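Just so you know, all these numbers are worked out from the coordinates, no wet-lab data involved. Not measured: the values here are computed from a predicted model. Note that we place each Cβ from the backbone using ideal geometry, even for glycine, and neighbour counts take in every protein chain shown.
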Amino acid sequence: MDLDFTSEQNMLRDAAAKFFQNECDYEKVKKIEESAEGYSPELWQKVAELGWTGLIFPEQYGGYGGSFMDLVIIQEEIGKAVFPSPFFSTVVQCGLLILEGGTEEQKTELLGRISDGSLIMSLAQYEPETDYSYESITMPARPEKDAYVLNGIKLFAMDANIAEKLIVAARAEDAGLTLFLVEAKAPGVKITKLPYVSSENACEVVFTDVRVPKKDILGTPGGACDLLEKMYAKAAVAKAAEMSGGCQAAIDMTAKYAREREQYGNPIGGYQAIQHFMANMLLSYDTLNNYLYRVTCMIDEGEDFSRDASALKAIANEAYRYVTERAVKIHGAIGTTREANIALFYRRAHPFSMSCGSTAYHYEKVAQKLLSEGLGSF
Amino acid sequence: MDFKLTEAQLALKKEYDDFFREEMKKAPPITFKGGLEATFSDEGYEFAKYMRKKLVEKGWYVQHWPEEYGGRNAPLIDQLIFNESVGYFGVPGIDGFGVGMFGPTVLLYGTEEQKKRILLPIARGEVQYCQGWSEPNAGSDLASLKTTAIKDGEYYIVNGQKTWTTGAHKADRMFLLARTNPAEKRSRGLSVFNVDLTLPGIEVRPIKYMDGAHIYNEVWFTDVKIHESERIGPENQGWGITRDTMNFERSGIGTFSRVRRQLELIVEYVKTTKRNGRYLYEDPLVRQKIGRLYAEMEAGRAQAYRIAWLQEKGNLRISPALASESKVYGTELTQRVADFALEIMGLSGNLEDSPWAPLQGAMINLYQSIIGNIICAGSNEIQRNIIAWVGCGLPRLKGQG
């Protein structure tokens, strides 16, 4: 057992923290949020130069061969900075899908371009009547000679408005649920950014007779469920890392406010009502954070982590919502304004807790495993 | 970073688990009720003493202590694995007061003579300690305690009353916090003593817990003469020493393995119990809560490993904020386990000793005992103050201790 970070990991964290401090403070975040693109191409390029976009991909595909813990460290810092970028959609979701399911050619091309920052991607999976269940995805992909023809509506495709390529989950009529690589500018693809509480780039994507060559299938025909399930187990942990970082920043910010803000002649942080809120917040964060590192180690050590990934994401959902809600409350009226930094976090609480599976979804997954397999050895 | 155990540690874990699995087959029913009753009831105490003897024979009882005082300098990780196993199997017999609290205090603050005289009997499992802190008017506000120990030649004369003294009726000794300088207020002027409970002038009176169990006591002191060689550390410096005593070994890992066992029992219960025509596990609300308890248990366990790791790297003292966090989280998680279990057990959950009582009444017992744990050893409200002060850097206002 060794629960310390390596010196390289400490350096990675310090460098990331410094980057956001210098390049993307909360004022900048608010400006980026107001833009139609919802991200800064300039900062995205800098992030790529720092090596983050290729962090988890093997060197042979243009990446840096980092561990999952390295990704978790970056995600924590992104969460602290509430950095608006296509990092999660492109690197974590699409990147992991390609790494797991792609052909050598696809991996070389796509992961190489994700790593150098020249390719932004989006996963189009959810539908008006379907959220997390793969079985319920209905959008048809009709086989036609050497291609499939896609028709239907996808919702909450993150960063589709700035993406060059999409990964689309559709039901091939001859094979079942399949992932397709689709050009965002392909004829028949219409992308509309939706007003989303966190100002993230959540998009509607409408497909009208979109022809996708068979060679642009990701993985095997009918093989989407397995790829998505594997990706989401890891993506849930990465999202939990972002939320853990967010909790930490929200707590630091709120503790500082509670030390400085005076009412009745005392700093409000001296009053027990506030102290007990803050104690609960810190406890939520600390347990989340330590569990995050434990599950991350399970991933890096090649253990079966899917049950714990679900449990972790549920814990992250509960913690992030609780911490950010109390944080706004402690800030008082000023915390409810558009200009308040703490409101950036509060507005993300709901969308983050729905990303990669809601609390109820993950508790049910954990329960299923416990009821069928028992708790197992520990 | 890795949470992996070495081959040797895995072997050790197996040795603990195998041994306890076998030995616990000999335990009387009351032991499975868990909580303090398992140790301090007449029926439970006999088995607790039997297990203590076994643990000493195995060399496990104080294995993390230095060799010269009966231990084997075991790394804290070994102790962590041991505590997990003890928690999981509900093994009674380890004197938490002597082994867990006072022993480390004496190691840190005692003279060489005191270490030999006090630690060796603890290490050999010959004595049971109790904790002489709370008084009728000094609960959460411990520093307001009034029991005095006034120097008279080579002796201190002790007068006053301690209360909520867990297991005093079974204990041989007490570590006592008393006021040696009555002119000083609050945390100044206090000292720590090692007290032989057979001394003249000490009277132990029972307090019955809500479930009828005899766990807590009042301990009255009337002109009790305690030799100065029993004072631990410098005179009037007892508060700082006591703050350390509170924070030894507070990873709370045993709580999470105990919850694991409880959760296993609950999973088995919902899979085998029908209510109104369907199995309990089919109820989505039941499934949600099982998922949640597992997640909270594992998060708390990861945190406990972190605390143990920090202890392993530093000394035995850890941040009071972390010690407080583990107490709050562990006790309140346990309470949620009991509440959830009783909710799904419905009317049957109310039964204490009955063939109709699910899980031999363990959950209704836990429901009653856990509220005591939430209050004792520094109420969770006080713990939250400490977390806010130390962990979040919030100010202490006048009157907040």
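For the reader, a short list of remarks on this structure follows.
- Selected from B:A178, B:I150, B:F82, residue furthest toward positive end of dipole (the protein assembly as shown; charges at beta carbon): B:I150
- Note on the stretch A:7-119: Lys pairs 8 or more places apart or on different chains, Cα atoms under 21 Å apart, count 12.
- Using the Cβ of A:E183 as centre and a radius below 10 Å, the other residues enclosed give a net charge of 0, where K and R count +1 and D and E count -1.
- Sparse-neighbour loop sites [GluC sites (Glu not before Pro); the stretch A:314-375; at most 13 other C-beta within 10 Å; DSSP]: A:E339
- Alpha-carbon centroid distance for the pair the stretch B:272-323 / the stretch B:358-375, whole angstrom: 17
- Backbone N under 12 Å from the A:E144 label point (7 Å along Cα→Cβ), restricted to the stretch A:193-231: A:208-213
- In this label model, A:A175 and B:S144 are separated by 7.5 nm, measuring between points 7 Å along each Cα→Cβ vector.
- Taking B:T111, A:T53, A:T296 and counting other C-beta atoms within 10 Å, the order from fewest to most: B:T111, A:T296, A:T53
- Sparse-neighbour loop sites [GluC sites (Glu not before Pro); the stretch A:56-139; at most 12 other C-beta within 10 Å; DSSP]: A:E129, A:E135
- Annotation: peptides B:229-242, A:208-221, A:275-288, B:272-285, ranked by per-residue average of other Cβ atoms within 10 Å with the highest first, follow the order A:275-288, B:229-242, A:208-221, B:272-285.
- Positive-end ranking of A:A319, B:M1, A:V182 along the dipole of the protein assembly as shown, with charges on Cβ about the Cα centre, is headed by A:A319.
- Against the main long axis of the alpha-carbon atoms of chain B, helix B:42-58 sits at an angle near 80°.
- A Cα-only calculation for the protein assembly as shown places Rg and Dmax at 29.6, 105 Å.
- Per-pair calculated FRET efficiency, R0 = 25 Å: B:A8 and A:L375 via Cβ, rounded to 0.05: 0.50
- Spatial separation of Cα centroids for the stretch B:376-401 and the stretch A:1-73, in angstrom: 37
- Across peptide A:364-375, the average count of Cβ atoms from other chains found within 10 Å of a residue's Cβ is 6.
- Unit charges at the beta carbon, dipole of the stretch A:209-268: most positive-side option, A:Q248, A:A224, A:A238: A:A224
- Cα-centre dipole for chain A with unit charges at Cβ (Lys and Arg positive, Asp and Glu negative), debye to 20: 980
- The slack between A:V206 and A:Q263, meaning 0.36 nm per residue of separation minus the straight C-alpha distance, is 15.2 nm.
- The stretch B:1-78, Cα convex hull volume normalised per residue, Å³: 124
- Annotation: extensible slack from B:D283 through B:M210 equals 23.0 nm (criterion: 0.36 nm per residue apart, minus Cα-Cα distance).
- With 24 Å as the limit on Cα-Cα distance, the pairs of A:K165/A:K193; A:K313/B:K33; B:K116/B:K146; B:K13/B:K289; A:K239/A:K365; B:K116/B:K162 that go past it are A:K313/B:K33; B:K116/B:K146; B:K13/B:K289; B:K116/B:K162.
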